[in-house]
Amino acid sequence: MTIRRLHHAQITIPTGAEDEARAFYCALLGLDEVEKPASLQGRGGFWLTVGDQQVHVGSESGVDRHQTKAHLAYEVDDVGAWRARFAERGVTIAEQPPIPGYERFEIRDPFGNRLEFIQLVGAEPHLPTPSPEYWRGGA
């Protein structure tokens, strides 16, 4: 019994904000929308592809997305170009504490969802893999 990979992640937008969300995620970020199954089409929101993964954009109201640290991290090939693209459009850029081997920053979408943009720089990233002892409570 194995978890093979992450199939999709979901973020939310306010109910009825699909057009504004498409302008941000499809037009500004360049993500492709994929058709939702017919059984889910009446529930609002839409689905996006990111490489071979999906981001599901669901709709719900009454959520303060500015108050959470939850986020998606988009791995990019030119973090400086993304930083410039957002700066040109007046999007607030928040710098983050460094992670050895990566350059990164974050923004918030128009609804308050946190997005991280991250690029590998150099050969050895530092995202530690916990040891088996860690998972058994020994480290």
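The values are calculated or read from the model by the stated rules, or taken from the named source; none is laboratory data. None of the values given here were measured: they were computed from a predicted structure. With ideal geometry, Cβ positions are generated from the backbone for all residues, glycine too; neighbour counts draw on all protein chains shown. The accessibility values were calculated without ligands, DNA or RNA, using every heavy atom of the protein model including side chains. Shrake-Rupley method; radii C 1.70, N 1.55, O 1.52, S 1.80 Å.
For this structure, a couple of remarks:
- Condition met for PRO37 (without any contact (Cβ under 8 Å) to a residue 40 or more places away in the chain and of a type outside the set (S, T, N, Q)): yes
- Residue that is nearest to TRP82 (Cα to Cα), among those in region 16-52 that are among the polar types (S, T, N, Q) and open to solvent by 90 Å² or more (accessible area, probe 1.4 Å): GLN41
- Residues of region 1-15 that are part of a loop (DSSP other than H, G, I, E, B) and open to solvent by less than 70 Å² (accessible area, probe 1.4 Å): PRO14 alone.
- Checking each residue in region 58-82 for being open to solvent by 40 Å² or more (accessible area, probe 1.4 Å) and over 25 Å from GLU35 (Cα atoms) picks out GLY62, VAL63, ASP64, HIS66, GLN67, THR68, LYS69, ALA70, ASP77, ASP78, ALA81, TRP82.
- Residue tally, condition closer than 18 Å to LEU120 by Cα, touching a strand residue (DSSP E or B) at 6+ places or on another chain (Cβ under 6 Å) and part of a loop (DSSP other than H, G, I, E, B), over region 78-105: 1
- Meets criteria (at pLDDT 95 or above, within 18 Å of the chain's Cα centre (by Cα), open to solvent by 40 Å² or more (accessible area, probe 1.4 Å) and among the basic types (Lys, Arg)) for ARG85: yes
- Flag for TYR25 being in contact with a Leu (Cβ under 6 Å, 6 or more places away or on another chain), not aliphatic (A, V, I, L, M) and not in a loop (DSSP other than H, G, I, E, B): yes
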